[in-house]
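Colleague: Handing you a structure now.
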Amino acid sequence: MKMSFTILGTVFLGILCGFFFVPESGKVIVDNLTPYALYILMVFVGFDLGHNRHVFKSIKKLGIKILLIPVAIVIGSLIGGYISGIIFNMATNESLAISAGLGWYSLSGILLKEMASAELGAIAFLTNVVRELIAFISIPILAKYFHEIVVLGPAGATSMDTTLPIISKYTRSEMIVISVLNGMILSMLVAPLVTFVYNLGV
Amino acid sequence: MEFTFLMFLAVGFILGAIRKWSEKTVKINEKLQTIGVIILLFLMGLSIGMNKNLIYKFSEMGLKAFIFAFLSVLFSVLLLILLSFNKRRKSE
């Protein structure tokens, strides 16, 4: 719980600083810095994995069942989108397309801006930004009370990059491999899935 | 770009696997991860805050975005909890 507050506090502090103190010209620097921070983190996460390479054996035991994780996340996300659509009285194909972003905000935002409208693109972008924020805050809590695979639910497609360091911190090393695999499968699914559900005749 | 991170993951993996590291080195790596996560979260916050357009849109459709995100997360988590029960039963 304490860590979730630290995470929330850090992101919030960043948002405040970004809004009030960083000049327009600083944007380029921050946008260029973020991927490098992530890359350096990836080296640390990889080190963890290399040091615990026995994990591959225990993952082999899980086998094909690992593939059920991304399937569950796609179905769960679409159910969530469907119900949200009913709440806000939106067309079903639009509400499904928003949740089909699976947390990858830049891609789902652009896709829906091109296919549909600037407004739908903006909602998809925001929704998936919020999903990532929820992931940051909820992963430490979920890891404590449930089976480790449950932390992948909020993370969605981001479990291979932005949320991976947090997942790695709160779960055993086995989860690094499962996370990357899950994130890769979901990331590859985002574009076809958004396109497919948006063009559904519903 | 999306898969460049795999390269860095691989570099770390090789470094970690190349020899048996001392407990101390592993602890240092853990510390660095924690510091790195905090820096990353701050940077992500910065890039959200700097995007004034995003912040204004948020006041306009933040509730909608929150409900969509929350329900998607909720049902993904519920299905994964079901799946995890299934896994546990089979492994016992």
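Colleague: Restrict the check to the stretch A:21-39 and report whether at least one residue is among the aliphatic types (A, V, I, L, M), more than 9 Å from chain B (Cβ to nearest Cβ) and surrounded by 15 or more Cβ atoms within 10 Å (Cβ to Cβ). Outline the logic, then answer.
Modeller: Initially, the stretch A:21-39 is screened for residues among the aliphatic types (A, V, I, L, M), giving A:22, A:28-30, A:33, A:37-38.
So of that shortlist, the ones also more than 9 Å from chain B (Cβ to nearest Cβ) come out as A:28-29.
Filter again for surrounded by 15 or more Cβ atoms within 10 Å (Cβ to Cβ), leaving none.
Within the stretch A:21-39 (the criterion being among the aliphatic types (A, V, I, L, M), more than 9 Å from chain B (Cβ to nearest Cβ) and surrounded by 15 or more Cβ atoms within 10 Å (Cβ to Cβ)), the answer is no, since none of the residues qualifies.
Colleague: Additional query: Return the residues of the stretch A:139-185 that are surrounded by fewer than 24 Cβ atoms within 10 Å (Cβ to Cβ), farther than 17 Å from A:F47 by Cα and among the small types (G, A, S); say none if nothing qualifies.
Modeller: Scanning the stretch A:139-185 gives a single hit, A:A143.
Colleague: Out of B:E30, B:E60, I need the residue that is more than 7 Å from chain A (Cβ to nearest Cβ) and within 24 Å of A:L164 (Cβ to Cβ). Which one? So that I can check it myself, show each step before the final result.
Modeller: Working: B:E60 fails: within 24 Å of A:L164 (Cβ to Cβ).
So the residue among B:E30, B:E60 that is more than 7 Å from chain A (Cβ to nearest Cβ) and within 24 Å of A:L164 (Cβ to Cβ) is B:E30.
Colleague: For the stretch A:111-137, how many residues meet the condition of being among the polar types (S, T, N, Q) and surrounded by fewer than 22 Cβ atoms within 10 Å (Cβ to Cβ)?
Modeller: Filtering the stretch A:111-137 down to residues among the polar types (S, T, N, Q) leaves A:117, A:127-128.
Those left that are additionally surrounded by fewer than 22 Cβ atoms within 10 Å (Cβ to Cβ): A:117.
Within the stretch A:111-137, residues that are among the polar types (S, T, N, Q) and surrounded by fewer than 22 Cβ atoms within 10 Å (Cβ to Cβ) number 1.
Colleague: If I filter the stretch A:73-90 down to residues being surrounded by fewer than 23 Cβ atoms within 10 Å (Cβ to Cβ) and in contact (Cβ under 8 Å) with a residue 40 or more places away in the chain, which single residue comes out as farthest from the chain's Cα centre (by Cα)?
Modeller: Taking the candidates together, the pick is A:L78.
Colleague: Only one residue in B:S84, B:S59 is touching a His at 6+ places or on another chain (Cβ under 6 Å) and surrounded by fewer than 20 Cβ atoms within 10 Å (Cβ to Cβ). Which one?
Modeller: Working: B:S59 fails: touching a His at 6+ places or on another chain (Cβ under 6 Å).
Step by step, each of B:S84, B:S59 is checked, and only B:S84 is touching a His at 6+ places or on another chain (Cβ under 6 Å) and surrounded by fewer than 20 Cβ atoms within 10 Å (Cβ to Cβ).
Colleague: Moving on. Of the numbered conditions (1) more than 17 Å from the chain's Cα centre (by Cα); (2) charged (D, E, K, R); (3) assigned to a helix (DSSP H, G or I), B:E30 satisfies every one except a single condition; which is it?
Modeller: It is condition (1) that B:E30 fails.
Colleague: Still on this structure, I have one more. Please specify each residue of the stretch A:24-39 satisfying the condition of being closer than 21 Å to A:N182 by Cα and free of Cβ contacts under 8 Å to residues at least 24 places away in the same chain.
Modeller: Within the stretch A:24-39, the first condition is being closer than 21 Å to A:N182 by Cα, and the residues that meet it are A:35, A:38-39.
Passing the criteria: A:P35, A:Y39.
Colleague: Turning to a different aspect of this structure: Here are the criteria: (1) within 10 Å of chain B (Cβ to nearest Cβ); (2) without any contact (Cβ under 8 Å) to a residue 40 or more places away in the chain; (3) under 11 Å from the mean Cα position of the chain (by Cα). Tell me which single one A:L126 does not satisfy.
Modeller: It is condition (3) that A:L126 fails.
Colleague: Residues in the stretch A:80-93: is at least one at pLDDT 90 or above and closer than 16 Å to A:A157 by Cβ?
Modeller: Just the residues of the stretch A:80-93 that are at pLDDT 90 or above, to begin with: A:80-93.
Now drop any that are not closer than 16 Å to A:A157 by Cβ, which leaves A:80-81.
Looking through the stretch A:80-93, at least one residue is at pLDDT 90 or above and closer than 16 Å to A:A157 by Cβ.
Colleague: Checking the conditions here, which among B:L43, B:L54 is within 17 Å of the chain's Cα centre (by Cα) and either modelled with pLDDT of 90 or more or of a type in the set (A, V, I, L, M) (or both)? Give the derivation first.
Modeller: Working: B:L54 fails: within 17 Å of the chain's Cα centre (by Cα).
Step by step, each of B:L43, B:L54 is checked, and only B:L43 is within 17 Å of the chain's Cα centre (by Cα) and either modelled with pLDDT of 90 or more or of a type in the set (A, V, I, L, M) (or both).
The values are calculated or read from the model by the stated rules, or taken from the named source; none is laboratory data. Owing to the predicted nature of the structure, the values given are computational and were not obtained by experimental measurement. Here Cβ is always computed from backbone atoms with ideal geometry, including for glycine, and neighbour counts include all displayed protein chains.
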